[in-house]
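What follows is one structure encoded as structure tokens, with my remarks underneath.
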Amino acid sequence: MVVAKPFYWILVLVFLFAVPANSSPDFLPRARESEFYEWMVGVRRRIHEYPELGYQEFKTSELIRNELDAMGVQYKYPVAVTGVVGYVGTGKPPFVALRADMDALAMQESVEWEHKSKVAGKMHACGHDGHVAMLLGAAKILQEHRNELKGTVVLLFQPAEEGAGGAKKMIEAGAVDNVEAIFGFHLAADGTVGTVQSRPGPIMAGSGFFEATITGKGGHAAIPHHTIDPIIAASNVIVSLQHIVSREADPLDSQVVTVAKFQGGSAFNVIPDSVSIGGTFRAFSKESFLQLKQRIEEVIVAQASVQRCNATVDFLKERQPFFPVTVNSKDLHEHFEKVAGELLGFNNIKDRPPLMGSEDFAFFTEAVPATYYYFVGMQNDSHAPLHPAHSPHFQINEESLPYGAALHASLAFQYLSKSQTPSPPVGEKNSHDEL
Ligand SMILES: *[C@@H]1O[C@H](CO)[C@@H](O)[C@H](O)[C@H]1NC(C)=O
Ligand SMILES: *[C@@H]1O[C@H](CO)[C@@H](O)[C@H](O)[C@H]1NC(C)=O
Ligand SMILES: [Zn+2]
Ligand SMILES: [Zn+2]
């Protein structure tokens, strides 16, 4: 039996119009309104003028709390010394977290401008001032839409990203208990403003440090046969360490061993008793990382013994814990591509190759079922090229702030909306590493 075709078409049309159009609000225009933009820029500049090192972010933390108070956002403080954890939404599960780091670096700013660091020897040279401003921006947007949130957004203002394990302390303080997904980002000098970059799977390397003391027997430089020369032994150790990656690692599995410190004697005519060397190692999987660690120790001890020296190796875990690999959840990558694509245009979502740098955001991959880290571009071809992070000439392009704020807010908002629908949950467990 043949039914008249127009009847089908009417059904199809009725169906199309009955389905509500994409109901998620567009946060980018809000973040770009001039009053909103000026407020975020002001927050960022106030933080920039008073940079604070890890676990000393007292002024920064106070500023954050004052802004959250002004928005009516509730928070916990102190968490991990100076950290602040805000809550927007129903106060009930699901919980999705957004993270910003607050700390500055111990270096002198070389940029001459109105809001230059007022603290000698300290500088926001990694853009964490911008990260805080953008998370506050996201908090404001989400608070304006709090009645539409289908769960709770947890706002993590974290201390001490630059090496002192602030993320680990936040986790130990319970900041991400019951959180099922977390998003974090870094401003990137090498990406274009209005674009974002990421990839599924490993995105930042796991990293560790080592220090070795190579001990011989000192003496007169002109009578070497009466000494056991630790300088020669240490030199051979350093060369042998370079053969671990070049001869033992899979060339397609990126790894690094770098000796960055060599301290020995202090006179031209004295062979010292001992030499100290130190450095870092990086890898993209737990297996490769642990293999490097084992071989670094073996090579140092065995190679030193060739020249009759003894060696001890310390991996300095008390001073600085190993950073795990930062692994992006595949499900959250799909979510990111959809949300960021709708917000910024799909051609502005770029693939990012993995980086040998490491991020303490990686600690969250051990504590939260699904984690996601991405980069927010800053470069504008109409401006001078930007300097890389940790340069004394580093500057933020403040034009990036609305993009980061709106994207943060949208990722969380739509995550909660999505996890209310009966489709399979996003909380896939990462096969991440515990180092
Ligand atoms: C190395 O250690 C052994 C065993 O403790 C010791 O006998 C030897 O003197 C040490 N060698 C040096 C150069 O310190
Ligand atoms: C890039 O800079 C120009 C000139 O200052 C500006 O007009 C434009 O809006 C900037 N682009 C973005 C995406 O902000
Ligand atoms: Zn940094
Ligand atoms: Zn940083």
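Summary of computed values
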read-out	value
Residue in segment 373-413 that is farthest from the chain's Cα centre (by Cα), counting only those that are within 16 Å of ligand 4 (Cβ to nearest atom), crowded, with 23+ Cβ neighbours inside 10 Å and aromatic (F, W, Y)	Y374
Counted residues, segment 332-388 - those being among the hydroxyl-bearing types (S, T, Y) and free of Cβ contacts under 8 Å to residues at least 40 places away in the same chain	1
Residue in segment 308-347 that is farthest from G165 (Cα to Cα), counting only those that are within 16 Å of ligand 2 (Cβ to nearest atom) and among the small types (G, A, S)	G345
Residue in segment 308-330 that is touching a Lys or Arg at 6+ places or on another chain (Cβ under 8 Å) and among the acidic types (D, E) present	no
Filter pass, T326 being away from ligand 4 (no atom under 16 Å from the Cβ) and within 30 Å of G54 (Cβ to Cβ)	no
Yes/no for K350 being within 16 Å of ligand 2 (Cβ to nearest atom) and among the basic types (K, R)	yes
Matching residues, segment 392-426, being part of a helix (DSSP H, G or I), of a type outside the set (G, A, S) and modelled with pLDDT of 95 or more	E398, E399, L401, P402, Y403, L407, H408, L411, F413, Q414, Y415, L416
Residue in segment 152-169 that is small (G, A, S), part of a loop (DSSP other than H, G, I, E, B) and without any contact (Cβ under 8 Å) to a residue 24 or more places away in the chain present	no
Tally, over segment 153-164, of residues that are buried (at least 21 other Cβ atoms within 10 Å of the Cβ) and either under 15 Å from the mean Cα position of the chain (by Cα) or within 16 Å of ligand 1 (Cβ to nearest atom) (or both)	6
Qualifying residue in segment 300-308 (condition: in contact with a strand residue (DSSP E or B) (Cβ under 6 Å, 6 or more places away or on another chain), in contact (Cβ under 8 Å) with a residue 40 or more places away in the chain and at positive phi)	yes
Output for segment 141-168, where each listed residue is within 30 Å of R319 (Cβ to Cβ), among the charged types (D, E, K, R) and more than 16 Å from ligand 3 (Cβ to nearest atom)	K168
Verdict on A164 being hydrophobic (A, V, I, L, M, F, W, C), within 25 Å of P321 (Cα to Cα) and within 16 Å of ligand 4 (Cβ to nearest atom)	yes
Subset tally (residues that are within 16 Å of ligand 3 (Cβ to nearest atom), touching a helix residue (DSSP H, G or I) at 6+ places or on another chain (Cβ under 8 Å) and of a type in the set (V, I, T)) for segment 189-204	0
Any pair with Cβ under 7 angstrom, 6 or more apart, that starts in segment 216-234 at a residue that is under 12 Å from S274 (Cβ atoms) and aliphatic (A, V, I, L, M) and ends at one that is part of a helix (DSSP H, G or I) and more than 16 Å from ligand 2 (Cβ to nearest atom)	A233/A304
Number of the condition not met by F183 [criteria: (1) more than 22 Å from F36 (Cβ to Cβ); (2) in contact with a helix residue (DSSP H, G or I) (Cβ under 6 Å, 6 or more places away or on another chain); (3) away from ligand 3 (no atom under 16 Å from the Cβ)]	(1)
Number of positions in segment 177-222 that are in a strand (DSSP E or B) and within 16 Å of ligand 1 (Cβ to nearest atom)	6
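The values are calculated or read from the model by the stated rules, or taken from the named source; none is laboratory data. Not measured: the values here are computed from a predicted model. Note that we place each Cβ from the backbone using ideal geometry, even for glycine, and neighbour counts take in every protein chain shown.
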